[in-house]
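K.L.:
Just dropping this structure here.
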Amino acid sequence: MDLSKISAWQNEYDPMTPLNISKRDVYRLADECAKKFEYSPADDLFKFISDFNGDVHFLDVLEHSDIHGTIFVHEKGAEQTAFDIILPSFTGPLRDRFTIAHEFGHYVLHYLLKQEEQAAGCMATRRDGDKALIPRLEWEANWFASGFLMPTSELKRLAADLDKKDSTDLTTVELGGRFDVSASAAEYRLAYHTDSKL
């Protein structure tokens with residue numbers, strides 16, 4: 001990946017802004033996306049992103065800490081790809097899966113859905129944008145990643161399977177293993193699923 005190109009994108013692309021919708025609505029959208037795009041838990045996210053005409057790149061985070069965990073969405077025809085996701089080179093596969101789903105969440109929530117309201121040009125998750133908006137922007141992408149990687153419909157199916165087996169507990173490690181996510185990501189998702197009675 002050409003670092004001068006990334007630097008130009010960083011300076012020229014407009015910052016994304018949050019949708020300001022509820023966590024429940026973000027989870028619902030993530031679940032709908034998983035169904036619509038025929039994503040199954042533990043599918044290969046690199047292939048999934050490639051099928052969307054996106055690319056995932058790994059960069060040395062120590063040298064380029066300002067651009068890891070970023071998505072650059074290009075105008076149609078401006079680049080060969082629709083979007084580029086930049087990941088740090090030292091993280092593990094479970095963390096990478098969550099980050100890819102998080103950045104895809106930015107693409108869906110903060111680019112595609114924004115296009116329905118207005119024509120969106122080149123956009124990026126920029127850390128130099130409005131500091132008041134960045135936390136909400138990131139929460140929404142985290143909620144999307146959690147719901148996309150661990151869809152509500154699949155959680156309900158697992159809960160029903162547990163009921164049939166007279167088992168009442170699914171550990172976060174087991175849940176993480178079933179969805180190919182970390183135990184902490186599974187714990188967060190399971191807590192929301194249980195609290196919201198989805």
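K.L.:
Sorted from fewest to most neighbouring beta carbons within 10 Å, what does the list LYS23, LYS47 look like?
P.N.:
Starting with the residue having the fewest Cβ neighbours, the order is LYS47, LYS23.
K.L.:
On to the next question. Can you pull out the GluC sites (Glu not before Pro) in segment 1-61 that DSSP calls coil and that have at most 13 other Cβ atoms within 10 Å?
P.N.:
Listed in order of number, the matching sites are GLU38.
K.L.:
Fewest first, what order do PHE90, PHE58 take by the number of other Cβ atoms within 10 Å?
P.N.:
So the residues, fewest neighbours to most, are PHE90, PHE58.
K.L.:
What is the set of long-range amide H partners of THR70 at a cut-off below 5 Å, with H atoms built 1.01 Å from backbone N?
P.N.:
Under 5 Å from the amide H of THR70: ILE86.
Values in this text are rule-based calculations from the coordinates and carry no lab data. If you're wondering where the values come from, they're calculated on a predicted model, not measured in any experiment. Positions of Cβ are backbone-derived with ideal geometry, glycine not excepted, and every protein chain shown enters the neighbour counts.
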